[in-house]
Amino acid sequence: MKPWDVIVIGSGAAGLVAAWHARATGANVLVVNKGLVGRSGATITSGGGISVSGRTAIELGFDANPDDTDEKFFTDTIRSGSFLSDQRLVEAMVGGVGEELRRLIADGAKVDAPKHAPGHSSARGVRIPGPSMQRVVTTAALRTGVRFREDFQSAELLMRDGAAVGVAGLDRRTGEVEALYGRAVVIATGGATSNWSLRTAPEELSGDGHAMALAAGAELIEMEMLQFLPCCLVAPDMWRGLQFPWILGPQSGVRAWLLNRYGERFMARWDPERMELATRDVVAAASAAEVIEGRGSPNGGVYLSWAHLPRDIVDNFPTWTRSFSADWRWEGFDMSPLVERIRAGLAVEVAPAAHFSLGGIRVDVDGFTGVPNLYACGEATGGVHGGNRLSGNAGAQVLVQGKAAGRAAAALAGASAHEAAARLESDAWRAVQARIESPLHRRDGVVPAEMKRRLGQIVDLALGAIRDGAALEKALGELRTLARDELPRLACRTRAAAWNRDWSDALECVAATSVIESALLCARARSSSIGAHRRQDARNPPAVVEHGLISREKGSSALVHRVSAVEFSFLSPV
């Protein structure tokens, strides 16, 4: 079969923007996705904020602050990330988001006027609901002729002479392991948040793209940096992880109060000026600290209360926001029973939930990973947000990085179109097949779902919103023991190849293990508190800000951590 010019792995907004731009140049583009396009991935679960400076918003026809410049947007982003961001990536995001947002609106996106979110010095977050954004970018990609392959679980990049030449994976529908060849590959698989038990993102975000890029020779950056979204529901189980209270509260500027079991507004000890409207990293760390120090609620969270507010403030909330319908339906959930509790003056139990991977694959402004033919974009990458992400900056990131990676991949494919397409030798391909098929053929061993549960316990205990050096060391030992003794013994309980959940889970466990080890190595090495990485045993900021990088040891599968200096290309912390 003739190779594709560009293969995009992942069909969220970043992947589909990349596919659209690659196809717009004339490239032959295939998007492969683990689930159904438009019904999986993080985009459909997002609030849909897209940050733009006030001046850019005015150019797009919105009523915004004319004094809010790209420079101010840039500065807010760098400072909120504790100066850990790659400033070249931030510059590209701030300067490029307006043009892509204009295209999104031209494609039919209905976007609300900017809102002022915590951490921004001005109102910047124009909003399009996540499902609507997904629908717009999917339709646009289809119209240009992008092709799709659904229920294809990418497991390993195909490498020849050090370059990516395609991707191997499991067709979940047929149970076949297949090779898809392409002149350029773009990873847009999202983050790794599904490895945490309390999370806001869907279950398929296990870090597949991170693991594949790492195995191919790319570097990961700031893998310890995970954004926890404060004020997510911890009970009942049916609503566990939903961010509804955060949106009805601090995210929208509503002055709900965070309380510990004694009724104390504990944010006064963390940010006495902004209180509950502090940035997400601060609110998440404060909430986690209350639980760790024994002042939490019965289900392992803290309380969020609206009881001090006049009741009609909550009642009238749906009239000025598109977040909820008038009957309190949100993201497909009927939240009216919870609202009735709130209106009755009762608090709800909330906790920080794993929300967004701040770290990921290291890329340049074109999305290039350093591995020939391999690009990445969106939440699969790291470096943009540094130690913390401001609301709406993920939307800006996926639009700008998707465009850059798609165009760069298409240009590379076009330049190499006259050359013979590289393919794996038969022996090399059989080795890839054997690695992917091994859990299916193993007769006795470890149940993948049990391995997933144990991996979740490791990250929950060691990589929460508050970390501790001893716990990190212990978790790293436990993980390496699992990887050595049990990962090679993953086995499926049924031999039916099609729609085999054990097989899919096993492949996700393989990916998650290297991703979690990367995060633990970075967290252990960063002994000071900075951004979303809060060390209970060392809360002071570091004397020198450095990047933490993970790569594979040459000629080995072992992971190596190193540090590199942060380049303050435009803005210095001094």
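The values are calculated or read from the model by the stated rules, or taken from the named source; none is laboratory data. The shown structure was predicted, so the numbers you read here are calculated from the model rather than taken from an experiment. Cβ: placed from backbone, ideal geometry, glycine included. Neighbour counts: every protein chain shown. Keep in mind that these areas ignore ligands, DNA and RNA; they rest on the heavy atoms of the full protein, side chains included. Shrake-Rupley method; radii C 1.70, N 1.55, O 1.52, S 1.80 Å.
Below, the figures for the structure above:
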{"read-out": "Selection status of residue 128, under 19 Å from the mean Cα position of the chain (by Cα) and among the β-branched types (Val, Ile, Thr)", "value": "yes"}
{"read-out": "Every residue from segment 147-182 that is open to solvent by less than 40 Å² (accessible area, probe 1.4 Å) and not in a strand (DSSP E or B)", "value": "151, 175"}
{"read-out": "Search result, residues across segment 399-441 that are hydroxyl-bearing (Ser, Thr, Tyr), assigned to a helix (DSSP H, G or I) and open to solvent by less than 50 Å² (accessible area, probe 1.4 Å)", "value": "438"}
{"read-out": "In segment 20-33, the residues that are open to solvent by less than 40 Å² (accessible area, probe 1.4 Å) and either closer than 16 Å to residue 209 by Cα or of a type in the set (Ser, Thr, Tyr) (or both)", "value": "31, 32, 33"}
{"read-out": "Extreme residue, modelled with the highest pLDDT, among residues of segment 26-50 that are hydroxyl-bearing (Ser, Thr, Tyr) and touching an Asp or Glu at 6+ places or on another chain (Cβ under 9 Å)", "value": "40"}
{"read-out": "Selected residue (criterion: nearest to residue 185 (Cα to Cα)) from residues of segment 218-259 that are open to solvent by 10 Å² or more (accessible area, probe 1.4 Å) and in contact with a Cys (Cβ under 6 Å, 6 or more places away or on another chain)", "value": "223"}
{"read-out": "Filter result for residue 340 (acidic (Asp, Glu), surrounded by fewer than 22 Cβ atoms within 10 Å (Cβ to Cβ) and under 19 Å from residue 306 (Cα atoms))", "value": "yes"}
{"read-out": "Cβ-Cβ under 9 Å pairs, at least 6 apart or on other chains, segment 52-63 side farther than 13 Å from residue 99 by Cα, far side among the aromatic types (Phe, Trp, Tyr) and open to solvent by 10 Å² or more (accessible area, probe 1.4 Å)", "value": "54/62"}
{"read-out": "Residue identified as in contact with a His (Cβ under 7 Å, 6 or more places away or on another chain) and either crowded, with 23+ Cβ neighbours inside 10 Å or in contact (Cβ under 8 Å) with a residue 40 or more places away in the chain (or both) among 144, 193, 189", "value": "193"}
{"read-out": "Any hit, segment 499-518, residues being within 22 Å of residue 153 (Cα to Cα) and either touching a Phe, Trp or Tyr at 6+ places or on another chain (Cβ under 8 Å) or assigned to a strand (DSSP E or B) (or both)", "value": "no"}
{"read-out": "Scan of segment 375-389 for residues that are touching a helix residue (DSSP H, G or I) at 6+ places or on another chain (Cβ under 6 Å) and either open to solvent by 10 Å² or more (accessible area, probe 1.4 Å) or within 22 Å of residue 166 (Cβ to Cβ) (or both), ordered by number", "value": "375, 377, 378, 380"}
{"read-out": "Index of the failed condition, residue 445 passing every other in (1) open to solvent by less than 50 Å² (accessible area, probe 1.4 Å); (2) under 22 Å from residue 228 (Cα atoms); (3) not hydroxyl-bearing (Ser, Thr, Tyr)", "value": "(2)"}
{"read-out": "Condition met for residue 36 (open to solvent by 20 Å² or more (accessible area, probe 1.4 Å) and touching a residue at least 40 places away in the same chain (Cβ under 8 Å))", "value": "yes"}
{"read-out": "Sole exception among (1) out of contact with any helix residue (DSSP H, G or I) (no Cβ under 6 Å at 6 or more places or on another chain); (2) within 27 Å of residue 280 (Cα to Cα); (3) open to solvent by 20 Å² or more (accessible area, probe 1.4 Å); (4) not hydroxyl-bearing (Ser, Thr, Tyr) for residue 118, by number", "value": "(1)"}
{"read-out": "Qualifying residue in segment 294-317 (condition: closer than 22 Å to residue 226 by Cβ and open to solvent by 60 Å² or more (accessible area, probe 1.4 Å))", "value": "yes"}
{"read-out": "Residue 254 being at negative phi and assigned to a loop (DSSP other than H, G, I, E, B)", "value": "yes"}
{"read-out": "Answer from 125, 130 - the residue that is among the small types (Gly, Ala, Ser), under 26 Å from residue 276 (Cβ atoms), open to solvent by less than 20 Å² (accessible area, probe 1.4 Å) and touching a Pro at 6+ places or on another chain (Cβ under 9 Å)", "value": "125"}
{"read-out": "Condition met for residue 17 (modelled with pLDDT of 95 or more, open to solvent by less than 10 Å² (accessible area, probe 1.4 Å) and assigned to a strand (DSSP E or B))", "value": "no"}
{"read-out": "Unmet requirement for residue 476, which otherwise passes all of (1) open to solvent by 60 Å² or more (accessible area, probe 1.4 Å); (2) in contact with a Leu (Cβ under 7 Å, 6 or more places away or on another chain)", "value": "(1)"}
{"read-out": "Number of the exception - residue 204 against (1) among the acidic types (Asp, Glu); (2) under 25 Å from residue 406 (Cβ atoms); (3) at pLDDT 95 or above; (4) open to solvent by 20 Å² or more (accessible area, probe 1.4 Å)", "value": "(3)"}
{"read-out": "Meets criteria (among the charged types (D, E, K, R) and more than 22 Å from the chain's Cα centre (by Cα)) for residue 379", "value": "no"}
{"read-out": "Boolean, residue 321 is open to solvent by 20 Å² or more (accessible area, probe 1.4 Å), among the polar types (S, T, N, Q) and in contact (Cβ under 8 Å) with a residue 60 or more places away in the chain", "value": "yes"}
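Condition check ((1) open to solvent by 60 Å² or more (accessible area, probe 1.4 Å); (2) hydrophobic (A, V, I, L, M, F, W, C); (3) touching a His at 6+ places or on another chain (Cβ under 7 Å)) across all residues:
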site: 485; (1), (2), (3): yes, no, no
site: 490; (1), (2), (3): no, yes, no
site: 500; (1), (2), (3): no, no, no
site: 515; (1), (2), (3): no, yes, yes
site: 539; (1), (2), (3): yes, no, no
site: 547; (1), (2), (3): no, no, no
site: 553; (1), (2), (3): yes, no, no
